[in-house]
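The values are calculated or read from the model by the stated rules, or taken from the named source; none is laboratory data. Source: prediction; values computed, not measured. With ideal geometry, Cβ positions are generated from the backbone for all residues, glycine too; neighbour counts draw on all protein chains shown.
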């Protein structure tokens, strides 16, 4: 009887110490916000410039053959830019402008 109690107490101690150790190591990583780098800021500015250029161009080129596809690309590009995927967003925005027959300025 004493052996069973000793084994049960030993197992309980091991399980509790493992759980406590796992809990203490899970919260040791601090969360810090990263500042945008100069490169990512330039890309974000380029996204904004292309979005504004498209928004102005669609008013005069709204009945272009690929206007519907261009609007879709503009939306997709804007979403990518907002999701920190500026390079892909820029490509979509440039293609959207080309579909309207407008040369991307940025």
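Within region 82-100, the set of residues being touching a residue at least 12 places away in the same chain (Cβ under 8 Å) and over 12 Å from residue 54 (Cβ atoms) comprises 84, 86, 87, 91. When the helices (runs of 4 or more DSSP H) confined to region 2-106 are screened for residues that are modelled with pLDDT under 95 and loosely packed, with under 11 Cβ neighbours inside 10 Å, those reaching at least 2 such residues are found at 2-26, 38-60.
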